[in-house]
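The values are calculated or read from the model by the stated rules, or taken from the named source; none is laboratory data. Quick caveat: nothing in here was measured; it's all calculated off a predicted structure. Glycine gets a Cβ as well: all are built from the backbone with ideal geometry, and neighbour counts include every protein chain shown. To get the accessible areas, we keep the full protein, side chains included, count just its heavy atoms, and leave off ligands, DNA and RNA. Shrake-Rupley method; radii C 1.70, N 1.55, O 1.52, S 1.80 Å.
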Amino acid sequence: MSGSYDDSVGVEVSSDSFWEVGNYKRTVKRIDDGHRLCNDLMNCIHERARIEKVYAQQLTEWAKRWKQLVEKGPQYGTVERAWCAFMSEAEKVSELHLEVKGSLMNEDFEKIKNWQKEAFHKQMMGGFKETKEAEDGFRKAQKPWAKKLKEVEAAKKAYHAACKEEKLAISRETNSKADPALNPEQLKKLQDKVERSKQDVLKTKEKYEKSLKELDNATPQYMENMEQVFEQCQQFEEKRLRFFREVLLEVQKHLDLSNVASYKNIYRELEQNIKSADAVEDLRWFRANQGPGMSMNWPQFEEWSADLNRTLSRREKKKASDGVTLTGINQTGDQVSQPNKHSSSLSVQSNTVQSVQSSYNPFEDEEDTGSTVSEKEDNKIKNVSSYEKNQSYPTDWSDEESNNPFSSTDANGDTNPFDEDTSPAMEVRVRALYDYEGQEQDELSFKAGDELTKMENEDEQGWCKGRLDNGQVGLYPANYVEPIQ
């Protein structure tokens, strides 16, 4: 090395190299990061599984709701079946997504959890055993070299300080020669100081070079020991990386429904159901079951018979059933149908009978629908459309004005024969005992303490018809209110 001194030499150049003392900590930290990444991947899969579950539930709710709307709506025939095929598709896809959710949680999530438990071993004092082993290995491999490096730094510092002192002594001696006021004794001292500083430079330089040579000799062994510990860390990290790749591939297989045979069959079946819709067939069915193709028992002359005294005529039946609704009376008189909450009927105003209906569903499994006498008409009708497919029309004809829906009064536009019975009823003010949130479009929602008007008494199912103060009319559970005294 040169004996001359340069100020820039004293500035230490920072290095981010792995070989610098302490820089092995990034490799050690990677082990802790591996444990945290396992947690992150499990959280990621858990969130995706939750999304799959919510999506499956939404599909099921959508399918259930719209299946009811379509079945109770005016659509019929093969187009109805094609429409309902979408709801069947949603239900099947919902099942597949629930299977995806189960695979993600029961297989992938658990696999990562078990691997993490086997790969990382916690210590009682905190941290992981693998981290401590790597830390100790690097520290042991670096300790001898770091000690020699410290000696080199000290020798370098001493050498640089001697060089600086030599330069300062020479400068003072040179300046003193030009000063006539300086006596020879002082000049002699300056010259001696220059000589001593030159000797210090030689000594520190020799020591600096010697320590640096020792460091160079120890470097190969240092690198070998560090490489050995680093390779152990690399092998541990390689296991994690390969495991993550394996798990991600399994997650991909679980999420990729395009390779599931049943998934392809769902849409193949959906396409077939849609293509099977036949407009001509539906029109033919409607003509035969709802149009001119329907059979008719035309009036004929009937002889008097003593057996007729044992039965009621159609008109006598209506007069004898005060407050009773006849629903689903077929022209043959021997068919039975069950009333439901959403049945729709044509009401004919009368003091004794509310309506006489004919109901026939061509898509029921049984050919005959029959007739039923209902204790009370259920007014809870869901507004799917302007009318429902089960809407029926009166089959009996009467010459009485009160029972004729097509009387002159209706023709003049004063009343609508297709409106529900609007006869006045006793209205009572009631108060809500509990909160209630309407579950259907025709149900009311109110809070405990709210007041409303009861328009009709409780039916067999425990529902009442009422009106809120804002004018909204709908149904509510009868046991949720009490009369206002």
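Checking the condition touching an Asp or Glu at 6+ places or on another chain (Cβ under 8 Å) and of a type in the set (Asp, Glu), which residue from Glu135, Glu195, Glu185, Glu214 passes?
Glu214
Can you tell me which residue in the stretch 427-468 is most open to solvent (accessible area, probe 1.4 Å), limited to those that are in a loop (DSSP other than H, G, I, E, B), in contact with a Phe, Trp or Tyr (Cβ under 7 Å, 6 or more places away or on another chain) and in contact (Cβ under 8 Å) with a residue 40 or more places away in the chain?
Checked the stretch 427-468; the qualifying residue most open to solvent (accessible area, probe 1.4 Å) is Tyr434.
Please specify each residue of the stretch 15-52 satisfying the condition of being closer than 23 Å to Pro144 by Cβ and not in a loop (DSSP other than H, G, I, E, B).
Lys25, Arg26, Thr27, Val28, listed by residue number.
Any chance you could count how many residues in the stretch 79-123 are among the basic types (Lys, Arg), under 21 Å from the mean Cα position of the chain (by Cα) and farther than 15 Å from Ala49 by Cα?
Number satisfying all stated conditions: 1.
Look through the stretch 28-61, keep the residues that are open to solvent by less than 20 Å² (accessible area, probe 1.4 Å) and under 23 Å from Glu89 (Cβ atoms), and return whichever of them is nearest to the chain's Cα centre (by Cα).
The qualifying residue nearest to the chain's Cα centre (by Cα) is Glu52.
Of all residues in the stretch 204-246 being touching a Lys or Arg at 6+ places or on another chain (Cβ under 6 Å) and among the aliphatic types (A, V, I, L, M), which is surrounded by the most Cβ atoms within 10 Å (Cβ to Cβ)?
Leu215
Can you tell me which residue is most open to solvent (accessible area, probe 1.4 Å) among those in the stretch 254-283 that are without any contact (Cβ under 8 Å) to a residue 40 or more places away in the chain and of a type in the set (Asp, Glu)?
Glu271
Exactly one condition in (1) in contact (Cβ under 8 Å) with a residue 12 or more places away in the chain; (2) out of contact with any Gly (no Cβ under 6 Å at 6 or more places or on another chain) is not met by Asp216; state its number.
Against the list (1) in contact (Cβ under 8 Å) with a residue 12 or more places away in the chain; (2) out of contact with any Gly (no Cβ under 6 Å at 6 or more places or on another chain), Asp216 comes up short only on (1).
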